[in-house]
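Okay, structure first, notes after.
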Amino acid sequence: MVIATLVDMNTENVPLLCILSTGQCIWVWGDKLPHYAQRLTDMPRYTRLDFTSIPGLALYSAARSFYLISISSFITAIRITPRDPHTLRIDNSPKSSLIMGENIFANKNKGSPCKHPSMLWCNIQSLRCCDSKKLSLPDVDFTGKWILITGANSGIGREAALRFASWGANIILGCRPNPPPREPSPASVVDECRAIAKISGKLNAEFEWWEVDMASIASVQALGKRWLDTGRPLDILCNNAGISSGSKQPILTSDGFELVHQINFLSHVLLTLTLLPSLAKAPSPRILCTTSNMQYLGVFNLEDNANKGLDIAYPNNKLYFQTWLTELQSRLAKNEEYKHIVVHGVHPGYVKTNIWNPETKSVGEWVLTKLLPIFGITAQQGSLCIVNGASSPALALENLKPDPKDGIVGAKFMNRIWECTPMPHTRHPECRRMVWDFVEKELNLGEKGLIAL
């Protein structure tokens, strides 16, 4: 029986796609397919379908149901069962049944001096970051180094901390004081670090967890001041804490910012600028920012979407974060005190961690919790983007060459452990300046004495 039909209202309701279930296989057909009909025997778990009217679809089978998924504007899913047939109408408006977010219909060149790349290029780049190959990295000696990691009690932050502990590093774990039950307690992760350091023979390494709420400007400032008061050089700053996409309605923090915008972007900017004097004291300091391949699904329009929230908050703020860190690298290079600091953005891959079980649940995140057990990688594998960024000789400032287009040394975007081409906005000088100025205004950096660059 036909269990789903897609029609395009702009072409007089002509069917684009029909799905027929016949036991152990399904038939998919429509005038936009490469062939008139396509038989999918033993339904693949993930099938990419492309149409001229629909930017990107995936068909996913699970048990006796199918999920029709849009992958061009974050994630949108419609569950289809033989008992629940659907006729889905695509009308090229944000109210479309298939589209969860508004980025796909946004004017992608509005508010940006940089031309937005084609949707095909964005999708290809995004999918390139889905490589789930199992990786390993050589051990190095981090004895005596000081590392600060935000979001260090769970997910890839915890795994990176454990690896650094086995190498003898001293680690400050920046964690919220009352994590949800699904996350390990910060104190338990400190104990894990001590245990693994002992096993590795690194008996002098120091481990502490310090409270920080990334949804509070005051808390982030307090963390930065607490570190500066130690007088120690900071060798590596890992801006890792984050949450997934926003809820159906924007959630504002006590500082008046949208939750995802503040946690995933603004707070890291504030912490980084606060800690620059300490980083400058280290011989080869590195700043690692957990950005994402979701930047390819972002739309550069600061005034309209940076602090808006909703399901578009995650990709947009990841795009802005990678853009900001590139501008930071450019400014550091022109400052005698800070020119030896290198900054990189890293993408962990699609990782099975607690970030996809957020307090701000959305349909897209629910879909990811279903897909990740099949396609996702472990937190340990995801953490290698941070571990590689911190330890790879190839990513040390002295071993990097100027970018042939903009001359910047550093500010790489690493897909797990491989260099990737970021969104063009991230390297565009005017886009970089716009993000820098926008954040400066939001955080009142002048009043905080943090705009000397």
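Just so you know, all these numbers are worked out from the coordinates, no wet-lab data involved. Keep in mind the model is a prediction, meaning the values are calculated, not measured. Note: ideal-geometry Cβ built from the backbone for every residue, glycine included; neighbour counts use all protein chains shown.
At-a-glance table
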| quantity | calculated |
| --- | --- |
| Spin-label pair Phe438/Asp191, simplified geometry with 7 Å Cα→Cβ offset, distance in nm | 4.4 nm |
| Whole-Hz couplings from phi, Karplus 6.51/-1.76/1.60, listed for segment 341-346; x for Gly and Pro | 8, 10, 10, 9, x, 10 |
| Computed lengthening from Ala222 to Lys110, 0.36 nm per intervening residue step minus Cα-Cα distance | 36.6 nm |
| Separation between Cα centres of segment 132-179 and segment 184-210, rounded to whole Å | 10 Å |
| By average C-beta atoms within 10 angstrom, highest first, the peptides 435-447, 321-333 | 321-333, 435-447 |
| Sites Ser254 and Trp418 - FRET efficiency at Förster radius 56 Å, r taken between beta-carbons, to 0.05 | 0.90 |
| Furthest towards positive pole of dipole, Ser216, Pro422, Thr253, structure part segment 146-444, Cβ charges | Pro422 |
| Order of Met294, Met434, Met214 under a 10 Å beta carbon neighbour criterion, fewest first | Met294, Met434, Met214 |
| Sorted by Cβ neighbour density within 10 Å, fewest at the top, the residues Ile451, Ile263 | Ile451, Ile263 |
| Peptides 140-149, 108-117 ordered by average Cβ neighbours within 10 Å, highest first | 140-149, 108-117 |
| Alpha-carbon centroid distance for the pair segment 259-279 / segment 285-340, whole angstrom | 11 Å |
| Proxy reagent accessibility, fewest Cβ within 10 Å first, across Arg232, Arg432 | Arg232, Arg432 |
| Label-point gap, in nm, between Lys448 and Leu137 - each point 7 angstrom along Cα→Cβ | 2.7 nm |
